[in-house]
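Here's the structure we're looking at; comments come further down.
The values are calculated or read from the model by the stated rules, or taken from the named source; none is laboratory data. Everything numeric here is computed off the predicted structure, so don't read it as measured data. All Cβ positions, even for glycine, are placed from backbone atoms using ideal geometry, and neighbour counts span all protein chains on display.
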């Protein structure tokens, strides 16, 4: 994203205060300057994460300082080494990285530009206390210029020039880049012929040598004062990436990648309900195997709530096949995606703080005189060794998190690229399907094989990082009363197989410390992630304000300190037992303010019966796509 902040070489005599910066950011900069060898990998992105976190915390304290622009701080720490032009580059590393600052979260790097000499990029001079903010650019269109009338004429000539010179271009486009001053006044730059070349095919020298010919073509067609700017990049189809694999817990992205993995609890939203920002969760997956007519079917479908998948819950919906409009389903709605990026930033922020602490500790231990006490001396040496190892891991983790943040924003930011399938069947919501009066609030989604096939594992729940395996075993089977002997898997992946039959819904298999029977269940949802609750044991009878009555499975919060079992946005979540059986499909709750003390769902055994009526050959225990 941004080049490393080699702070020790930047403004060594900096004495002016970091106006507008929060203390945590100031401390990070101070410690990095004092210990460049330990914190040389700190980047602008990491400082921005820390600044954004500090801003959010400051909202609780009105007298806190305003958020200091991370790019301003960065410019105060201008990199002398990055301002130097080094062969084979024709521009400095600083300009290469920051020239298009602002046009995206991770802008391309400049290869060459034709006005390099006439329009120098503002690089903060080394050895001075002068501030210099990085220009923040916005890419805009080109309208009402002489180029507009002749673009269709000059482009074939430019393409022919590329071919003649052996330049492998990937995109030839135009833009104008705007900036704003401190007062918000906008300045629109010149016409830019914006050229992308396939990575590692064109040198800066190649671009430099071709630029005059391009400008000559433009001048011949009365287009003056244009600029040619080059970068590397390949055009990709915007069908969206495949879902991610589940990572081991040692991977720093283990928790924050969960929304983009093919496991249960996947957060989803539909295109139809995008404006309402309706979001929910995948319940489980199944193979169709054969159609109702007995023909082989390779389709894999997901189950969720009708009220999530379709705007009109009162009518039946069935996808009518080829040629019919598709009701697309996406992984992560707007809010959930923003939350995902916030979670990555939060991890980076925590790691930056820990890196600063460890660097200070290492500096203290290295400066400490060796103790004459042999035991104390050995302890200091061991502490120094351990903390250096810890700092190395934190720095490596942050580099991986930064790369992951870049991947998420590049591959998943466009909601259209997050399509994972389309609604196949969604019958009307009903409490009168039969005399049991359970709520039928289900629908199915035909999944896109390209998104799932590489990393699909079937009905697996990722249990997150709130609890250790030991803690989960203790919560689900307290007092060691687990006659089955089943324990949660050490890798945190619980496979779901089978359903709790109706006759077993009121038959718990364990007891608490007081000898009272308990039935502990879990769920993984879009909003509250993995939570633990207590199944009520008896069916709940509900009646809405219109007098409509239904019967539901009820689940209560595990404890006062455990948090809500569910919240808005968790609709569709599968409620399951500790041994991996489906208990219910969550569809509603009873909130009070920001809390909810009870959650309601449809018994899984009954929901599966309804699905089997429509997909008679379905396999609800898939392990491959």
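Take the stretch 489-514 and flag every residue that is in a loop (DSSP other than H, G, I, E, B) and without any contact (Cβ under 8 Å) to a residue 12 or more places away in the chain. Write out each step before concluding.
Filtering the stretch 489-514 for residues in a loop (DSSP other than H, G, I, E, B) gives 489-492, 496-498, 500-501, 505-509, 512-514.
Hits for the stretch 489-514 are 507, 514.
I'd like the residue in the stretch 519-528 that is part of a strand (DSSP E or B) and either over 26 Å from residue 479 (Cα atoms) or touching a helix residue (DSSP H, G or I) at 6+ places or on another chain (Cβ under 7 Å) (or both) and, out of all such residues, is modelled with the highest pLDDT. Full working, then the answer.
Our first condition is that a residue be part of a strand (DSSP E or B); within the stretch 519-528, this holds for 520-525.
So of that shortlist, the ones also either over 26 Å from residue 479 (Cα atoms) or touching a helix residue (DSSP H, G or I) at 6+ places or on another chain (Cβ under 7 Å) (or both) come out as 520, 525.
Numbers: 520: 88, 525: 92.
Here the residue is 525.
Got a sec? Which of 442, 415 is in contact (Cβ under 8 Å) with a residue 24 or more places away in the chain and more than 20 Å from the chain's Cα centre (by Cα)?
On the way: 415 fails: more than 20 Å from the chain's Cα centre (by Cα).
Every option except 442 fails the conditions.
Identify, from the list 48, 23, 57, the residue that is surrounded by fewer than 17 Cβ atoms within 10 Å (Cβ to Cβ), within 30 Å of the chain's Cα centre (by Cα) and at pLDDT 80 or above. Before the answer, list the steps.
Values: 48 fails: surrounded by fewer than 17 Cβ atoms within 10 Å (Cβ to Cβ); 57 fails: at pLDDT 80 or above.
Only one candidate qualifies: 23.
Taking the conditions (1) touching a helix residue (DSSP H, G or I) at 6+ places or on another chain (Cβ under 7 Å); (2) closer than 30 Å to residue 451 by Cβ; (3) surrounded by fewer than 13 Cβ atoms within 10 Å (Cβ to Cβ) in turn, residue 253 satisfies each one other than (3).
Taking the conditions exactly as written (touching a strand residue (DSSP E or B) at 6+ places or on another chain (Cβ under 6 Å), within 19 Å of residue 100 (Cα to Cα) and at pLDDT 90 or above), does residue 204 satisfy them or not?
Numbers: touching a strand residue (DSSP E or B) at 6+ places or on another chain (Cβ under 6 Å): yes; within 19 Å of residue 100 (Cα to Cα): yes; at pLDDT 90 or above: yes.
In short, yes.
The test for being at positive phi and either at pLDDT 95 or above or in contact with a strand residue (DSSP E or B) (Cβ under 9 Å, 6 or more places away or on another chain) (or both) does not hold for residue 305.
Is at least one residue of the stretch 313-324 surrounded by fewer than 18 Cβ atoms within 10 Å (Cβ to Cβ), modelled with pLDDT under 90 and on the phi > 0 side of the Ramachandran plot? Yes: the stretch 313-324 contains one or more residues that are surrounded by fewer than 18 Cβ atoms within 10 Å (Cβ to Cβ), modelled with pLDDT under 90 and on the phi > 0 side of the Ramachandran plot.
Take the residues in the stretch 105-115 that are assigned to a loop (DSSP other than H, G, I, E, B) and touching a helix residue (DSSP H, G or I) at 6+ places or on another chain (Cβ under 8 Å), then tell me which one is modelled with the lowest pLDDT. Before you say what the answer is, go through the steps one by one.
Applying the first criterion (assigned to a loop (DSSP other than H, G, I, E, B)) to the stretch 105-115 yields 105-109, 114-115.
Keeping just the survivors that are touching a helix residue (DSSP H, G or I) at 6+ places or on another chain (Cβ under 8 Å) gives 105-106, 109, 114.
Details: 105: 63, 106: 72, 109: 90, 114: 96.
Per the stated criteria, the residue is 105.
When you scan the stretch 531-562, how many residues do you find that are within 30 Å of residue 462 (Cβ to Cβ) and in a loop (DSSP other than H, G, I, E, B)?
From the stretch 531-562, those within 30 Å of residue 462 (Cβ to Cβ) are 531-537, 539-540, 552-562; that's our starting set.
Now narrow it down to the ones that are in a loop (DSSP other than H, G, I, E, B): 536-537, 539, 558-562.
So the answer is 8.
Scanning the stretch 561-576 for residues that are out of contact with any helix residue (DSSP H, G or I) (no Cβ under 7 Å at 6 or more places or on another chain) and crowded, with 24+ Cβ neighbours inside 10 Å returns 565, 566, 570, 573, 574, 575, 576. Of the strands (runs of 3 or more DSSP E) lying entirely inside the stretch 257-342, those containing at least 3 residues that are in contact (Cβ under 8 Å) with a residue 24 or more places away in the chain, under 22 Å from residue 409 (Cβ atoms) and in contact with a helix residue (DSSP H, G or I) (Cβ under 9 Å, 6 or more places away or on another chain) span 267-270, 328-331. Considering the stretch 390-412, the residues that are without any contact (Cβ under 8 Å) to a residue 24 or more places away in the chain and under 16 Å from the mean Cα position of the chain (by Cα) include one that is farthest from residue 244 (Cα to Cα), namely 403. Against the conditions (1) surrounded by 17 or more Cβ atoms within 10 Å (Cβ to Cβ); (2) under 24 Å from residue 286 (Cα atoms); (3) touching a residue at least 24 places away in the same chain (Cβ under 8 Å); (4) over 16 Å from the mean Cα position of the chain (by Cα), residue 430 satisfies every one except (3). On the given criteria, is residue 565 closer than 20 Å to residue 462 by Cβ, part of a strand (DSSP E or B) and touching a residue at least 40 places away in the same chain (Cβ under 8 Å)? No.
So how many residues does the stretch 152-164 have that are surrounded by 13 or more Cβ atoms within 10 Å (Cβ to Cβ) and within 17 Å of residue 196 (Cβ to Cβ)?
Pass one, the stretch 152-164, residues surrounded by 13 or more Cβ atoms within 10 Å (Cβ to Cβ): 154-155, 157-159, 161-162.
Of the ones still in play, those that are also within 17 Å of residue 196 (Cβ to Cβ) are 155, 158-159, 161-162.
So the count comes out to 5.
Against the condition farther than 26 Å from residue 285 by Cα, surrounded by fewer than 13 Cβ atoms within 10 Å (Cβ to Cβ) and in contact with a strand residue (DSSP E or B) (Cβ under 6 Å, 6 or more places away or on another chain), how does residue 558 come out, does it pass? Step through it out loud before you land on a result.
Numbers: farther than 26 Å from residue 285 by Cα: yes; surrounded by fewer than 13 Cβ atoms within 10 Å (Cβ to Cβ): no; in contact with a strand residue (DSSP E or B) (Cβ under 6 Å, 6 or more places away or on another chain): yes.
Judged against the criteria, residue 558 is not a match.
Here residue 599 meets each of (1) touching a helix residue (DSSP H, G or I) at 6+ places or on another chain (Cβ under 6 Å); (2) farther than 29 Å from residue 292 by Cβ; (3) in a strand (DSSP E or B) with one exception, condition (1). Evaluating residue 579 against the criteria (1) part of a strand (DSSP E or B); (2) over 28 Å from the mean Cα position of the chain (by Cα) leaves one unmet condition, (1). Which of the residues that make up the stretch 584-615 are loosely packed, with under 15 Cβ neighbours inside 10 Å and modelled with pLDDT of 95 or more? Passing the criteria: 609, 612, 613.
Restricting to the stretch 531-564, and then to whatever is over 20 Å from residue 604 (Cα atoms) and more than 31 Å from the chain's Cα centre (by Cα), can you tell me which residue is modelled with the lowest pLDDT?
Looking at residues that are over 20 Å from residue 604 (Cα atoms) and more than 31 Å from the chain's Cα centre (by Cα), I get 545.
Here residue 548 meets the list (1) surrounded by fewer than 22 Cβ atoms within 10 Å (Cβ to Cβ); (2) in contact with a strand residue (DSSP E or B) (Cβ under 8 Å, 6 or more places away or on another chain) almost entirely, failing just condition (2). The numbered conditions (1) modelled with pLDDT of 95 or more; (2) surrounded by 23 or more Cβ atoms within 10 Å (Cβ to Cβ) are all true for residue 618 except (2).
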